[in-house]
Ligand SMILES: [Zn+2]
Ligand SMILES: [Zn+2]
């Protein structure tokens, strides 16, 4: 994934509004040097040059979280296919638990 830059000059009309490409060095509006920022639309937190991430630590953690939750949902659907009645749902979950332990 490509990292993004933004203008962090608070007097600039592009301040925390426009994403620039990695190859862009300076803001087209004010000429300030662009900084790497978090890709989260409401964040724009500056990311140090030596940190090779698209997001700030907060949003990396948040995205990780979402990914894990999506994984859980898929597992539940998997259990649901096996399930016919309430008892079968329990059996399905148990089967998934056994698979997880392996
Ligand atoms: Zn600017
Ligand atoms: Zn962020």
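What follows draws every value from the coordinates through simple rules; no lab data is involved. All values reported here derive from a predicted model rather than from experimental measurement. Neighbour counts run over all protein chains shown; Cβ positions are idealised from the backbone, glycine included.
Peptides 66-72, 4-10 ordered by packing proxy, namely the average of other Cβ atoms within 10 Å per residue, highest first: 4-10, 66-72.
Take the Kirkwood radius over Cα pairs of segment 1-55, plug it into Stokes-Einstein at 37 °C and 0.692 mPa s, and you get 302 µm²/s for translational diffusion.
Spin-label model, residue 21 to residue 76: label points 7 Å out along the Cα-to-beta-carbon direction sit 4.2 nm apart. In terms of surrounding Cβ atoms within a 10 Å radius of their Cβ, 50, 24 rank from fewest to most as 50, 24.
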